[in-house]
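Data first, discussion second: the structure below is written as structure tokens.
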Amino acid sequence: MAERQGEAVIIPFLRDDMQGAVTVTLERVDDPAAVGKHPSAAGFPCCTAVVDYPGKGYRALFGWVQLVRSTDNSSAGAVFDMDPFYLFEDAPSPYAFFGINPTLFDAPSRAERAALNWTAHSYLAWTPMDDTERRVVPLAGFSWGFDIDSASRITLQEVQALTAVDWDAHLPYLGSSYPGWAFDKWQSK
């Protein structure tokens, strides 16, 4: 169960019988240059999710799968699409970030502040290295995002923990988008 501590949301997870946690902070960008963004990004959100896990080396390898539903995407917000890190968007991997206790960082923005709804589903997962197939095993997830109203005001969406139902709803899309990967159902512990 997610826990709020001030501005942060802490989401626990279990892997290999070891307890870990994801600490998520969602902030409004006051200084776009400080986060590597153009000045037009002022007022938009910036999300940081930090993994805390006691495993070492390969036992601490995780990846972040992020999907976005936005009223300016190809389906006009009807469905979620993958949100790969733009440097690797053509890579045949479902992970936007991958590494030892990788931090998810995202600061979406738009040059024009037209009415918009933008919601991300971000999932921490791992891929067993001793399998014969590449599998994505979900561990924890959360939603976050922003809305722009008709007066160009940006409202941040509160961080919410996601459940197995949310992940499992993405399985058909993930499977068809990455046929070289297998996607496990979320096993509640």
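Compute the whole-percent fraction of alpha carbon pairs in region 132-189 spaced more than 16 Å apart. It works out to 57 percent of all Cα pairs.
Under 1.5 on a/c is rounded, so check that first for region 1-70, then, if it is not, pick prolate when a/b is larger than b/c and oblate when it is not; a ≥ b ≥ c are the square roots of the alpha carbon gyration tensor eigenvalues. Here region 1-70 falls in the prolate category.
Counting heavy atoms of the protein chains alone, Ile148 has an accessible area of about 10 Å² for a 1.4 Å probe. Using 7 Å Cα-to-Cβ label points, what is the Ser40/Arg28 separation (nm, one decimal)? The modelled label-to-label distance comes out at 2.1 nm.
Taken over region 76-115, the ratio of Cα radius of gyration to 2.2 N^0.38 Å equals 1.46. For the pair Ser188 and Arg59, the difference between a 0.36 nm per residue extended length and the Cα-Cα distance amounts to 44.4 nm. Across region 46-189, the relative contact order, built from alpha-carbon pairs under 8 Å that are at least six residues apart, equals 22 percent. Seen from every direction in turn and averaged, the convex hull around the alpha carbons of the chain projects onto 11.2 nm².
Here the label points at Ala164 and Thr132, each 7 Å from Cα along the C-beta direction, are separated by 2.7 nm in the simple model. Could you compute the net charge surrounding Tyr95? Neighbours are other residues with a C-beta less than 15 Å from the C-beta of Tyr95; K and R count +1, D and E count -1. Neighbour charge sum, excluding Tyr95 itself: -3. What does the net charge come to around Thr48 if you take all other residues with beta carbon closer than 9 Å to its beta carbon, with K and R at +1 and D and E at -1? Local charge sum for Thr48: -2.
Each label was represented as a point 7 Å from its Cα along the Cα-to-Cβ direction; for Ser150 and Thr48 these points are 3.7 nm apart.
Between the Cα long axis of helix 164-177 and the first principal axis of the chain there is an angle of about 90°, rounded to the nearest 10.
The values are calculated or read from the model by the stated rules, or taken from the named source; none is laboratory data. Since we're looking at a predicted model, the values are computed, not measured. All Cβ positions, even for glycine, are placed from backbone atoms using ideal geometry, and neighbour counts span all protein chains on display. To get the accessible areas, we keep the full protein, side chains included, count just its heavy atoms, and leave off ligands, DNA and RNA. Shrake-Rupley method; radii C 1.70, N 1.55, O 1.52, S 1.80 Å.
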